[in-house]
Each structure stands twice: as C-alpha cells, then as structure tokens.
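All of the numbers you see were taken from the coordinates with simple rules; none came from a lab. The shown structure was predicted, so the numbers you read here are calculated from the model rather than taken from an experiment. Quick reminder, even Gly has a Cβ in these numbers, built from the backbone with ideal geometry, and neighbours come from all protein chains shown.
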Amino acid sequence: MLQPPDWPQCGHGANLTTGAGGCHGIQVPSHTACLAHLNETDRAGYLAGLAPGTDIDHRGTPFTEDLLSELLTALREPATGTPHFGRARFERAVFEGTGGFDGADFSGSAWFDQANFSGDAQFRKAKFGEDARFADATISGRAWFTRSEIRGEAWFHRAKFGGDADFYMAKIERLARFAEAHFSRESRFVGVTFSGGAWFPGVQFDGGAEFAGAVFSGSARFIRVQFTGDAVFAMAEFERNAKMGPIACTGTLNLSEAAFRSAVTIEAAAATVLCRRTQWDSTAALRLRYASVDLTDAVWEYPVSVAARSRPFLWGAEEVAEPGLTDPHVRIMSLRGVDAAHLVLTGVDLSDCRFAGTLRLDQLRLEGRYTFTFPPSGLRWHGMRPVRWTQRRALAEEHHWRSTRFVDAGGWRPAPAGEDALEPAELAPVYRQLRKSFEDSKHEPGAADFYYGEMEMRRHADDIPWVERALLTIYWALSGYGLRASRAMGWLLASMFATVLMMMLWGLPQDDPRSIGIGVITDRSITMTMDTPDPVNPTEPWHERLSTDRFEGSLRVVINSVIFRASGQNLTTAGTYIEMASRITEPVLLGLAILAIRGRVKR
C-alpha cells in the first residue's frame, strides 16, 4: 500500500504522519489516510496504490458520495466491475448522502460499527466472506441489504434504522444478532435464510416487520420484542427450537402457513394472532393476551395449547410494556378445519368462534374460565309478538343464522363480512359434538345447553319430516326439551288448576252416593245385598259448584293423579275421563320438571 508523505494534521486533529491519533479520534495505523483531508494529488496517489482485494482501514473517515465512489472505483475488479475489499474497517465512518456498496465483495470481515449513514445504506447483492458488523450503526435513510450474502456472523445489535430496512432474500450463514436494534419504519426480512441462529432480543419495530417466507435453520429468539404495527411470519419455517416471546404487537401477529418443526412456546400480547394453515410438527404452547385468534385449517400432530394470560408478561422482574392494547381477553375466532383431538383451550372467549368444520370436536378440551355467547336477553318484540329467548350457551353460527330470519334481528349478531350463515342442519352436528365433549368432562349443565341447541337446530331444519318437527315443537313448548324445569312446572300447575276446575264443575257428582244394603230373609238365612247408586251429574248453577267441599274433593283427585294413583272417589262419567287424562299428562310433566332439575344440578 502507498505510504503517505509527511501530511499535516487533518481538520479533525488526526496526526496522519505518526498514527498517534485518527480521524474522529479513532486509533488507526500509520499508513491509513484520512481521504477527506488529502489534497487531490495525495488522494490520487493513495487511490492509485489500491488494488482489488486490498485491506481497507478508514475508521472515522467522513465520506461524501464522490469520495466513496472514488474509493470503490479504485477497488473494482476489471473483469466484473465489482468493488472487491479485503478486510474493511469503517468503524465510526460518516457517509454523507447515499452509502453505495451495492454488489461489493468483502472477502474479509467488514466492520461498520458505529458508522453513520446520513442517507441510504446500499448493500444490495453485497457478499461478505466473513463477519459483517454494523453494531451501533445509524442509518438515517433506507437500509438496502436485498439479496446480500453473509458467510460469517451478522452483527446489528443496537443498530438504528431511520428509514425502511430491506433484507429481502438475504442469506446469513452463521449467527444473526439484532439485539436491541431499533427499526423506525418498515422492515422486511422476506425470504431471508438464517442458516445459523437468529437473535432479536429487545428489538423494537416501529413500522411493523415482515418475515414472510423466512427460513430459520438455527435457533430463533424473538424475546422482549415490540412491534408497532403488524408482525408477519407467514410461510416462515422454523427448523429448530424457537422462542417467541414475550412479544408485544399492536397489530396482527401473522403466523399463517408458517411451519414449526420442533417444540415452540409463543408468548404474545397482540391485537390479532393469525394461525391459518399453520403447521406444528411438535408440541406448541401459545400463551396470549388481548388477541383475537384464528386457527382455521391449522395442522398439528401433538398437543397444542392456547391459554389466556391474565397478567402482563415479565422479563426478569419487569413487566413487558403493552402500548396500544386495551382488552386483555383472548378470543378464539375460528377452529374450522382443525383436528381438536390434541387441542386444549384455557380461559378463552369462544363467543365469536366458528366451530363448523372442526374435526373430532367431541374431543376438544376446555379448561379454566371460558365463555360462550348467549341469546339476546330480556323481552323483545318480533313484529307484534313478544319474544323472550331462553338463556343458554350458544354458538356464534346460530347468531348468524337467526339474524337472517327476522327483519329485526333482535340482538342476534350477523355473520362477519364475507362469511355465509350456515343452516340449522349444518349446525346440529356441531352442537351434538360439543355436547359429547361436555358430557365426557362431566359438565352436565354445559352439555344440557348444547343439547338444547342441538334440538333447536333439528326443530328448525328443513330436512326432517313435518311430523317429527311437530313433536319437537311440542317437546320444546312443554319443557324446553326436558331442560327447562320452570316451563314444565308451569304447565304442570296450569294442568292441575284446569283439572281441579273441571272436576269442580263436571267431575264430582251432585251428592256423594252412599251404598244401600238390602236384606232378604229366608227360612234359615239372611242375604244382604249392597248397591251403590250411579253418580248424578251436578245440576246446580256453576257458581254454586265452586264450593270449598267440591274444591277439596277435586284437589285430592288431582294430587293422586300427579303421582299416577286413582283417587278412589266416585266421579261422574266426565270426571272419570278427566281423571284418566290427568293421570297421563300430569305425571309426564312432573317427570320432565324433575329431569330438567337433575340436568342442572348433576355433575
């Protein structure tokens, strides 16, 4: 390399002759030139002595665009026109305007620690034969690392990216370190191959981040990361153990079509978590806050758990900040297409969940405090007719269907945009499988609610005969499918009252007939014959039949009928038939009431 002559100190106080100092106070070798402060003749002489592949040491040097262009020109390979560096030292260098290293080949380590790029930093298709170090670097403009290749480690810890950061299709063969880096705008790691580990602890993405299609062949660590905006990992592949969390994301954490080849734990406070067609090849634990979770068509072969966390995540002794997130409830929005046999949901809100299309739903495990939606409460009007809906656990899909039946939906929520409301015939099997799941877990009240929903869907289905539908309607009206004790008791009391009233009016005879004994005396014996006169229908006015004595007699008949016993009283012909009818209907109503009570208290 050209040895510099006896240059005076540069404008930054660097004694370039002795190497006692350096530009910006950086210690540099005695042969290093501060290009910014050489005259044209000396700079031309220095650059003329450079050749492709030369080691460069310009720590602390301020570069204009023209000066950097001159340096790159001196290092270009004649055959390819590619700038070729050996080992490159640019610590604390200042690049005014665009720092253009597009296509550069760094055969040795490249050091840009604490470098300052006032404009864009362009490293598109750059090749780093060893480590690429940008620790504590500041890039005010856009950072271009598109299709760059780093065969050593990539050091970006505490780097500051003022503009967009683009690492599209880059390849990093060894460990990528981004600890506590700050991305002020959008950052794109689309299609990046992390052959070694990828560590992002404490990173802040203010404009969201996209890792779509990225490949993490080594360990992936996204710990204490904050995303202001969306965090997109769609179609990313995690080949080894991944640790994702705690993460705070004000937008959507998108894991759709991502593949996790080994066990993973995801701890995230996010507005939305998308796991559509996500593939888990090993166990997975999702511990979430705030999130609306979509698991449509997700695939797993081992146990997967989704749990709502009530308290903020901790890092050490400190709580992880959750700016912009307000509702800590975790909502499951869809389980369509998933196999629920290995799924465990803990403490989640299922009021908006779409269950139709879930495989082996009867094996779903629900733990902790979980919630379903309910029909609209209170008295409502359907046209001129008052309606009061029975309160029970219901499915969001039933809300969607019922909202299409009435001009005034009456509190039933319509289907989301782009979703069709399913018909009752499609919803009845969903209720049936959930009922079995609750029965297997010995949760009888929950199972009863889903049985009610199943019967409701059967009653409204178009594919069953009208006779069966009529029977179901009667069953519903009398006792709420054997689940509403108050309804059955109401009908029982009404039936008993009607029976007592009819007995008083027509069932009891005019007078209680008494047996008459007739004796016949012969020569040696006396023969006695007992005869009871036929009951006489009452003839007095109706208001006189409503007496206390007749009420007492009627009540005895009714009470005996409820327990399916004959009263033994003399009755008119009408009273006999009334008693027969009451002995059939009233024990049935009593049995339905007992059955409903048992369904609510059984465990």
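Would you please give the residues with an amide H less than 5 Å from that of Gly245, counting only those at least 5 places away or on a separate chain, with H modeled from the backbone geometry?
Sorted by chain and number, the residues that satisfy this are Phe222, Ile223, Arg224, Glu267.
Output the 0 to 90 degree angle, nearest 10, between the alpha-carbon long axis of helix 65-74 and the longest principal axis computed from the alpha carbons of the chain.
That works out to roughly 70 degrees.
If you consider only alpha-carbon coordinates, what radius of gyration and Dmax does the stretch 191-371 have, in Å?
In Å, with Rg to one decimal and Dmax whole: 15.2, 43.
Short version: ³J(HN,Hα) in whole Hz for each residue of the stretch 428-434, in order, from phi by Karplus 6.51 cos²θ - 1.76 cosθ + 1.60 (θ = phi - 60°), x for Gly and Pro, what are they?
4, x, 5, 4, 5, 5, 5
Between Thr548 and Thr473, what is the label-point separation in nm under the 7 Å Cα-to-beta-carbon projection?
For Thr473 paired with Thr548, the spin-label model returns 4.6 nm.
Using modelled backbone amide H atoms (1.01 Å from N, in-plane), which distant-in-sequence or interchain residues come within less than 5 Å of Ser262's amide H?
Amide H neighbours of Ser262, under 5 Å, 5+ apart: Asp281.
Can you tell me the Rg and Dmax of the chain, counting just the alpha carbons, in angstroms?
According to the Cα coordinates of the chain, Rg and Dmax are 42.2, 171 Å.
Return the sequence-ordered ³J(HN,Hα) values of the stretch 254-264 in whole Hz as given by the Karplus equation 6.51 cos²θ - 1.76 cosθ + 1.60 applied to θ = phi - 60°, using x for Gly and Pro.
These are the phi-based 3J(HN,Hα) values: 9, 10, 4, 6, 6, 10, 10, 7, 9, 4, 9 Hz.
Kirkwood hydrodynamic radius (Cα pairs, Å) of the stretch 379-464?
When all Cα pairs of the stretch 379-464 are included, the Kirkwood radius is 13.8 Å.
When you take every Cα atom in the stretch 89-128, what is the radius of gyration, and what is Dmax, the widest Cα pair distance, in Å?
Computed over the Cα atoms of the stretch 89-128, radius of gyration and Dmax are 9.9, 26 Å.
Compute the angle between helix 573-601 and the longest alpha-carbon principal axis of the chain, please, reported from 0 to 90 degrees and rounded to the nearest 10.
20
Under a straight-distance cross-link criterion of Cα-Cα below 19 Å, which lysines are reachable from Lys127, leaving out those fewer than 8 residues away in the same chain?
Output for Lys127: Lys171.
Measuring from the lowest to the highest alpha carbon on each principal axis, how far does the stretch 238-298 reach, largest first, in angstroms?
Answer, in whole Å and largest first: 27, 24, 13 Å.
When DSSP beta bridges are limited to those with both residues in the stretch 55-188, what percentage is antiparallel, rounded to the nearest 5?
DSSP beta bridges in the stretch 55-188 are roughly 5 percent antiparallel.
Restricting to the stretch 191-371, what percent of DSSP beta bridges are antiparallel, rounded to 5?
Once the DSSP bridges in the stretch 191-371 are tallied, antiparallel ones form about 5 percent.
Taking the Cα atoms of the stretch 29-142, what is the range of coordinates along each of the three principal axes, in descending order and whole Å?
Principal-axis extents of the Cα atoms in the stretch 29-142, largest first: 33, 30, 24 Å.
Hey, could you grab the Kirkwood Rh for the stretch 144-271? Inverse mean 1/r over distinct alpha carbon pairs, Å, one decimal.
It is 14.0 Å.
log₁₀ I(q)/I(0) of the stretch 108-172 at q = 0.15, 0.18, 0.20 Å⁻¹, via Debye over equal Cα point scatterers, no solvent, to two decimals?
Once normalised to I(0) and log-transformed, intensities are -0.39, -0.57, -0.71.
Can you give me the long-range amide H partners of Asn116? Hydrogens built in the peptide plane at 1.01 Å from N, cutoff under 5 Å, separation of 5 or more residues or another chain.
Ala93, Val94, Phe95, Thr138
What list of ³J(HN,Hα) values in whole Hz, one per residue of the stretch 440-446 in order, does the Karplus curve 6.51 cos²θ - 1.76 cosθ + 1.60 (θ = phi - 60°) give from phi, with Gly and Pro shown as x?
Those phi angles translate into 5, 8, 6, 9, 5, x, x Hz.
Suppose we keep just the DSSP beta bridges with both residues in the chain; what percent of those would be antiparallel, to 5?
Counting DSSP beta bridges with both partners in the chain, the antiparallel share is about 10 percent.
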